[in-house]
Structures are given as structure tokens and as C-alpha cells.
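See below for the structure under consideration.
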Amino acid sequence: MSIAENLNKINLRIAEAAREAGREPTEVRLVAVSKTKPVQAVQEAMAAGQAIFGENYLQEMRDKVGQAGPGPQWHFIGHLQSKKARQAAELAHVIQSVDRLKLINIISKRAVELDKQLGVLIQVNVGGEEQKSGCSEADAPALCQAVAEAPNLKLMGLMTMPPFFDEPERVRPIFARLRELALTLAPNLPQGSMDELSMGMSGDFEAAIAEGATLVRVGTAIFGSRY
Ligand SMILES: *Cc1c(COP(=O)(O)O)cnc(C)c1O
């Protein structure tokens, strides 16, 4: 199957999952996760109409942003080290993996210097499993508030990455909890700043859509497996 065929299939499945959940298919946007894949794969997806790409590694993202040229929107979705945060603010349209105050300060400062508006999702480690990325649910309110108040940052919502993404029956409650958290936070934040829920990957994006995902991050099912 070509990348174009895979994209077509995924978009149909997204639309179907949305309708089954009583939602409009246009409420769900596909982030094509192109990590470890060459820029040719990105260009093939762009030619097939794909508009949003997700990357986990900054060096790789920088190469592809340069080579792919203007057009696509780039989302940084990987674990972000403080020393790389300035660069992430330069390259990305949206950073989905913001999980601590220090990052917020760095990327806001850089966005101001660049005179750009940078979209931000707070990554939450729902359920508190052992993993390197994501703030605790308890820390989420303060971090959201900090982004909402930070110059040149636009708070868009929440992101989560379940640790056991290979077990669909265990991820669904995690997705539900992220949505509930966003609903709890929204009244205390500026209008529209909890609109996005980034959750769901190749193996579980339909369950995520059933629980309210607005951004699904799909890699393998579009570009094939990574080695
Ligand atoms: C790699 C990755 C994805 C995509 O995973 P697939 O299983 O290949 O669809 C989504 N989100 C994050 C944060 C990732 O690192």
C-alpha cells in the first residue's frame, strides 16, 4: 500500500469513528507522525493532501521542515529537553509535549523574540504511570494557567500518551480521563484554550475519537513500521 492509500484509509476510519460517536468528522484532525521516515515520505503525504505532521526529534524535524518547504504545519510531539526548547519554539507551529514550567518560560521568550504565536498543548501523564514525559494531573491546572498567561503562547488543550498503548482496553479510560480533566480546567481558562485533545495512535485512534479526541497522532498505519 502506498502512503496515499494508507492516508485515504485512515481518513475514512477517522470519519467513521467520528460518526459512530455522534461527532462531525471535521472535528478530528490527523497528525501524520513522520518520525524516522525520510522527507520523501512527508512529500508523498503532502501530495495526498496531508497538512499536519508530527515529529519527535528536533534534529530530524529541522531537516524535514527545511526540505519540505512551506505548507505543512509541524507539531513537536516528543520528549522536550530544556536545552532543545528554544529550537522547538523556532521550528514548530505547535508543541504538544509541554510538561513543566521551565519549558513554558523558554519557549515563550523565544516566541516573543521571533514575533510568532506558538500553539501549546500540555502533556499529561494520566494515571501517573512511570514514564519520562507528561505532568501529573495535579500539576496540570497551574501549567495551563502559566501557558495561558505567557506572551506569544496559545494554549490549545491537552495531550496524552498512554504507557500501555498496545492494550486498547486499558487506554480507553485514560482517554476518558483526559477529556474529563480538560472539562474541569476549561472554566478557569480563556475561552477556547481547552478545545484540543490530542490522543490516540495507530492502534487505538478510534477509541480515542470515541472519547473526544480532536487530534490523533498516527505514524505506523500511514508510513509503515519503524525499525
Ligand atoms: C510515535 C508516536 C506516535 C505514533 O505512533 P504509531 O503507533 O506509529 O501510530 C504518536 N504519538 C507519539 C507521542 C509518538 O511518539
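Where a number appears in this text, it was derived from the coordinates with a stated rule and is not lab data. This is a predicted model, so every value here is computed, not measured. Please note: Cβ atoms are built from the backbone with ideal geometry, for glycine as well, and neighbour counts cover all protein chains shown.
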Note down the magnitude of the dipole of the stretch 24-112 about its Cα centre, charges +1 on Lys and Arg C-beta and -1 on Asp and Glu C-beta and zero elsewhere, to the nearest 20 debye.
540
Write down the radius of gyration of the stretch 124-220 and its Dmax, each obtained from C-alpha positions, in Å.
13.1, 40
Projected area averaged over orientations for the chain, convex hull of C-alpha atoms, nm²:
11.7
If I require 24 Å or longer along the helix axis, counting alpha carbons, and a Kyte-Doolittle average no lower than 0.0, what helices from the chain are left? Use full DSSP H segments.
168-185
Let me know the number of lysine pairs in the chain closer than 13 Å at the Cα, not counting same-chain pairs under 8 apart.
5
Given Cβ point charges of +1 (Lys, Arg) and -1 (Asp, Glu) and nothing else, what value in debye, to the nearest 20, does the dipole of the chain about its Cα centre take?
660
What would the Debye equation give as log₁₀ I(q)/I(0) for the stretch 1-130 at q = 0.14, 0.21 Å⁻¹, counting only Cα atoms as equal point scatterers?
-0.71, -1.21
If you take every residue apart from Pro190 with its C-beta less than 15 Å away from the C-beta of Pro190, what net charge results, scoring Lys and Arg +1 and Asp and Glu -1?
-2
Report, in whole Å, the centroid distance computed from the Cα atoms of the stretch 75-111 and the stretch 54-72.
15
Computed FRET value (nearest 0.05) for Leu101 with Thr26, which takes r as the C-beta separation and R₀ as 45 Å:
0.85
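Kindly provide the chymotrypsin sites (Phe, Trp or Tyr not before Pro) of the stretch 117-225 that DSSP labels as loop, not H, G, I, E or B, and whose Cβ sees at most 16 other Cβ atoms within 10 Å.
Working: sites: Phe164, Phe165, Phe175, Phe205, Phe223; in loops: Phe164, Phe165.
Here the sparse-neighbourhood loop sites are Phe164, Phe165.
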Given contacts defined as C-alpha pairs under 8 Å and at least six residues apart, what's the relative contact order of the chain, whole-number percent?
20
Which residue, Leu143, Pro168, Pro187, has the largest displacement toward the positive end of the dipole of the stretch 118-194 when charges sit on each Cβ (Lys, Arg +1; Asp, Glu -1)?
Pro187
